[in-house]
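The values are calculated or read from the model by the stated rules, or taken from the named source; none is laboratory data. Nothing here was measured: the structure is a model prediction, and the numbers come from that model. Every residue, glycine among them, receives a Cβ derived from its backbone with ideal geometry; neighbour counts consider all protein chains shown. Surface areas here come from the heavy atoms of the whole protein model, side chains and all, with no ligands, DNA or RNA. Shrake-Rupley method; radii C 1.70, N 1.55, O 1.52, S 1.80 Å.
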Amino acid sequence: MSRPATKWKCVLCNNTIYWDELFTYLKNGVAHYTCLREKAIRNAKIDSKELTLLLDSLEEELKSIVSYKQKLSLLQNEEAKKTLDQIEKDAEKNAGILTRLIEKFSDLSQ
């Protein structure tokens with residue numbers, strides 16, 4: 001069984017991004033979470049322990065997004081679907097905020 005691919009390639013490693021992988025949207029494109037984490041820690045502009053805390057928080061949000069999307073596909077009740085969809089959107093917003101902060105505190109161009 002083949003894995004469903006997204007339409008994006010990671011801007012950090014240039015490999016295909018699959019829907020079952022954690023990924024986030026950077027200013028200049030989409031990146032695997034693992035690629036972002038590795039490069040951000042290597043090029044940290046702040047204390048690496050603090051950056052790691054931000055990266056861990058981003059990972060938690062990305063895992064929540066995946067979990068909510070999986071559960072949404074199983075729900076039949078419209079009210080429950082609407083509520084879970086809104087919660088998932090909030091997690092996406094939080095992931096975006098954390099991603100911007102991580103971009104600010106690490107040099108991803110190197």
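Some notes on this structure:
- Lysines with Cα under 25 Å of Lys63, excluding same-chain neighbours fewer than 8 positions away: Lys7, Lys9, Lys27, Lys39, Lys49, Lys71, Lys81, Lys82, Lys89, Lys93, Lys104
- Surface composition of the chain: carbon plus sulfur atoms hold 52% of the accessible area, using a 1.4 angstrom probe and ignoring ligands, DNA and RNA.
- Rounded if a/c under 1.5, otherwise prolate or oblate - the chain, Cα gyration tensor axes: oblate
- Folded to 0 to 90 degrees: helix 78-104 orientation relative to the chain principal axis, Cα: 0
- Low-density loop positions, trypsin sites (Lys or Arg not before Pro), the stretch 20-52 - DSSP coil, at most 13 other Cβ in 10 Å: Lys27, Lys45
- The sum of -39500 (n - 2.57) across all DSSP H runs of n ≥ 4, divided by the residue count of the chain, sets its helix-only mean residue ellipticity at 222 nm to -19500 deg cm²/dmol.
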